[in-house]
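Data first, discussion second: the structure below is written as structure tokens.
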Amino acid sequence: MDPERATITGKVSRRRIAAGSKSDRVGVTLDDGTGRVYALRRAGGNPFRDGTLEKLVGKTITGSGTVSGRSFIMDSWTIDRAGLKG
């Protein structure tokens, strides 16, 4: 499947990614609310641990980037102010 540009709004959380594979881990994900959950990555960021993405956990965001399989590689995002924790 070829990567495609997308803008996705959803809730950022931490969950298990790639269960049973060599890449099995708990990582940052984006749930779009329609049953699709993407492993969330930042363009140019570490795919396994990214402190910038960790700070988004619990927030609702709208991100723009590339969807490749079950990964969403963001190059920009905005935080939904109504979706802030706290």
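The values are calculated or read from the model by the stated rules, or taken from the named source; none is laboratory data. Note that this is a predicted model, so its numbers are computed, not measured. Every residue, glycine as well, gets a Cβ built from its backbone with ideal geometry; the counts of neighbours run over all protein chains shown.
Counting just the residues of the stretch 63-77 that are over 16 Å from Gly27 (Cα atoms) and at pLDDT 95 or above, which one comes out nearest to the chain's Cα centre (by Cα)?
It comes out as Gly63.
Please identify the pairs in which a residue from the stretch 62-74 that is on the phi < 0 side of the Ramachandran plot and aliphatic (A, V, I, L, M) has its Cβ atom under 6 Å from the Cβ atom of a residue that is modelled with pLDDT under 95 and outside any strand (DSSP E or B), counting only partners at least 6 apart or on another chain.
Ile73/Ala43
I'm trying to understand the selection: among the residues of the stretch 47-86, which are under 19 Å from Ala19 (Cα atoms) and not in a strand (DSSP E or B)?
Quick first cut of the stretch 47-86, residues under 19 Å from Ala19 (Cα atoms) only: 47-49, 68-72.
Matches in the stretch 47-86: Pro47, Phe48, Arg49, Gly69, Arg70.
Any chance you could count how many residues in the stretch 2-17 are touching a residue at least 40 places away in the same chain (Cβ under 8 Å) and outside any strand (DSSP E or B)?
Final tally of qualifying residues: 1.
If I ask for residues that are among the small types (Gly, Ala, Ser) and farther than 16 Å from Thr62 by Cβ, which ones from the stretch 21-42 would you list?
Ser21, Ser23, Gly27, Gly35, Ala39
Could you list, in sequence order, the residues of the stretch 12-30 that are within 14 Å of Met74 (Cα to Cα) and in contact with a Gly (Cβ under 8 Å, 6 or more places away or on another chain)?
We begin by selecting, within the stretch 12-30, every residue within 14 Å of Met74 (Cα to Cα); these are 12, 28-30.
Listed by number, the residues that qualify are Val12, Leu30.
Hey, among Asp50, Asp32, which residue is within 12 Å of the chain's Cα centre (by Cα), without any contact (Cβ under 8 Å) to a residue 24 or more places away in the chain and on the phi < 0 side of the Ramachandran plot? Working first, answer last.
Working: Asp32 fails: without any contact (Cβ under 8 Å) to a residue 24 or more places away in the chain.
When all the criteria are applied, what remains is Asp50.
Hey, does the stretch 43-52 have a residue that's surrounded by 14 or more Cβ atoms within 10 Å (Cβ to Cβ), modelled with pLDDT of 85 or more and under 20 Å from Arg81 (Cβ atoms)?
The answer is no, given that none of the residues of the stretch 43-52 is surrounded by 14 or more Cβ atoms within 10 Å (Cβ to Cβ), modelled with pLDDT of 85 or more and under 20 Å from Arg81 (Cβ atoms).
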